[in-house]
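This report concerns only the one structure given below.
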Amino acid sequence: MPKNFRGVISALFVIALLGIFASAIFAENSSLRLDTGEHIYQTACVACHGSDGKGTPKSVAGFEQPDSFPDFTRCDQTTAELDNDYHAVIVHGGRYRGFSQIMPSFSEALTTEQISKVIGYLRHFCREPGWPRGELNLPRAIVTEKAYPEDEEVISSAVNARGAPGLETHVIHEQRFGKKNQIEVDVPITFQDQSHIWYGGIGDATLGIKRALFSNLRRGSILALQGSVLVPSGSRTHGFGSGTTTFETFAAYDQLFRTNTFFQTQFGADLPRHTDIAPQSIFFNTAIGQTFGAGHGLGRAWSPMMEFLAQRDLVNSAKTDWDVLPQLQVTISHRQHIRGDLGVRVPVTNTFGRPIQLQLYFLWDWQDGKLTEGW
């Protein structure tokens, strides 16, 4: 028998045993102490995940740990996960969220209350306070920046639906470092029809640093500040750039309610180095939304949102540009680390020369797995 085939048979045998064990060991609940999360963990989870939460060695567990196997002591990995994510995997097994089938379903073995207790116990393995919890990582709006520091790749595009044809795409890299910090690199690429001639090029690239100043899971709130530098890499002649270095700063505050309703606010300013070339401006963005989950809240997530966007140049007689942007974000992969959003940005005031735009993005939370994983 080929060696790799024997490995598959062994893995399937272990999975079958785990499923049988998960059901049989709870058949006589009255004889087991299952009143705390620790009791449940020691009874149902310790055989695979170890008493320390780092995972049982292969020589003991009998199977090779997959790359996605969790180390619950790694705060940088576990704090970003939602309780709901753990709940989905415990109820339906690993395959439900695109993880290994080695993780069996405990839907017949544990009650909802017991699952909540054991998830609470899993949280104690992270011994470092101060990490913002994943519940505060709200659905990303198309324009409004959120406060949570994250690891994402985003491709965001805006297509003119009225007026002169044009397309602007932002390639955005966001990378978390430390407990509360994030760097952001944003490179815009623009194509425009100007007097029936198409021009294209890179716009003003952005390099920013964000820091979460405050987060409280019980209150559902998080506050962050970001400072950025916009490099004049775009052509001012074709309107792809401002022609001067610009410093941007903003505050972002997000609030989550128990009903999965949320709002995000962002207030900031763009401060060009040479104000004779480009004016200073202020902006205020806010997004209001609600998340709905299929499968009793454990499956695909749908998040309709409405953004209200305001921007005003700090010059005499300037008026405030107001836009609205209804949109819908949806999780694409089973693991929910691939998401998409589609919306329409509509100018409300000062509409002359400001087209209606179809806006969308594709998001990859690369901390949760590769693009090819979790489907």
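The values are calculated or read from the model by the stated rules, or taken from the named source; none is laboratory data. Since the model is a prediction, treat every value here as computed from it, not as a measurement. Note that we place each Cβ from the backbone using ideal geometry, even for glycine, and neighbour counts take in every protein chain shown. Please note that ligands, DNA and RNA were not included when accessible areas were found on the heavy atoms of the full protein model with its side chains. Shrake-Rupley method; radii C 1.70, N 1.55, O 1.52, S 1.80 Å.
Kindly list the number of the only condition in (1) more than 23 Å from residue 241 (Cβ to Cβ); (2) within 24 Å of the chain's Cα centre (by Cα); (3) open to solvent by 20 Å² or more (accessible area, probe 1.4 Å) that fails for residue 337.
So residue 337 meets the others, but not (3).
Condition first: closer than 25 Å to residue 275 by Cα and polar (S, T, N, Q). Can you find one or more residues in segment 317-336 that meet it?
Yes: segment 317-336 contains one or more residues that are closer than 25 Å to residue 275 by Cα and polar (S, T, N, Q).
Results for (1) modelled with pLDDT under 95; (2) of a type outside the set (D, E, K, R), shown as yes or no for each residue.
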{"position": "286", "(1), (2)": "no, yes"}
{"position": "300", "(1), (2)": "no, no"}
{"position": "309", "(1), (2)": "no, yes"}
{"position": "350", "(1), (2)": "yes, yes"}
{"position": "353", "(1), (2)": "yes, yes"}
{"position": "356", "(1), (2)": "no, yes"}
{"position": "373", "(1), (2)": "yes, no"}
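Of these, 162, 218, which one is under 27 Å from residue 358 (Cα atoms), basic (Lys, Arg) and open to solvent by 60 Å² or more (accessible area, probe 1.4 Å)?
Of 162, 218, the one residue that is under 27 Å from residue 358 (Cα atoms), basic (Lys, Arg) and open to solvent by 60 Å² or more (accessible area, probe 1.4 Å) is 162.
Mind checking which residues of segment 127-143 are buried (at least 18 other Cβ atoms within 10 Å of the Cβ) and touching a Cys at 6+ places or on another chain (Cβ under 7 Å)?
131
Pull out all pairs, ordered by first then second residue, where Cβ-Cβ is under 9 Å, the residues are six or more apart or on different chains, the first lies in segment 348-365 and is at negative phi and of a type in the set (D, E, K, R), and the second is part of a loop (DSSP other than H, G, I, E, B) and surrounded by fewer than 17 Cβ atoms within 10 Å (Cβ to Cβ).
354/163
Take the residues in segment 256-286 that are among the hydroxyl-bearing types (Ser, Thr, Tyr) and part of a strand (DSSP E or B); name whichever of them is nearest to residue 143 (Cα to Cα).
Out of the qualifying residues, it is 286.
For (1) touching a residue at least 12 places away in the same chain (Cβ under 8 Å); (2) among the polar types (S, T, N, Q); (3) assigned to a strand (DSSP E or B); (4) under 23 Å from residue 75 (Cβ atoms), each residue gets a yes or a no:
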site	(1), (2), (3), (4)
135	yes, no, no, yes
144	yes, yes, no, no
162	yes, no, no, no
168	yes, no, yes, no
179	yes, no, no, yes
208	yes, no, yes, no
213	yes, no, yes, yes
235	yes, yes, no, no
240	yes, no, no, no
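How about segment 234-274: which of its residues are among the hydroxyl-bearing types (Ser, Thr, Tyr), modelled with pLDDT of 95 or more and open to solvent by 20 Å² or more (accessible area, probe 1.4 Å)?
245, 249, 253, 261, 265
Report, by residue number, each residue of segment 181-206 that is outside any strand (DSSP E or B), without any contact (Cβ under 8 Å) to a residue 40 or more places away in the chain and open to solvent by less than 70 Å² (accessible area, probe 1.4 Å).
Answer for segment 181-206, where residues must be outside any strand (DSSP E or B), without any contact (Cβ under 8 Å) to a residue 40 or more places away in the chain and open to solvent by less than 70 Å² (accessible area, probe 1.4 Å): just 203.
Can you spot a residue in segment 106-119 that is open to solvent by 20 Å² or more (accessible area, probe 1.4 Å), under 21 Å from the mean Cα position of the chain (by Cα) and free of Cβ contacts under 8 Å to residues at least 60 places away in the same chain?
No: segment 106-119 contains no residue that is open to solvent by 20 Å² or more (accessible area, probe 1.4 Å), under 21 Å from the mean Cα position of the chain (by Cα) and free of Cβ contacts under 8 Å to residues at least 60 places away in the same chain.
Just one of (1) without any contact (Cβ under 8 Å) to a residue 12 or more places away in the chain; (2) over 18 Å from residue 140 (Cβ atoms) trips up residue 332, so point out which.
That leaves (2) as the condition not met.
In segment 77-94, what residues are of a type outside the set (S, T, N, Q) and without any contact (Cβ under 8 Å) to a residue 60 or more places away in the chain?
Within segment 77-94, 81, 82, 83, 86, 89, 90, 93, 94 qualify.
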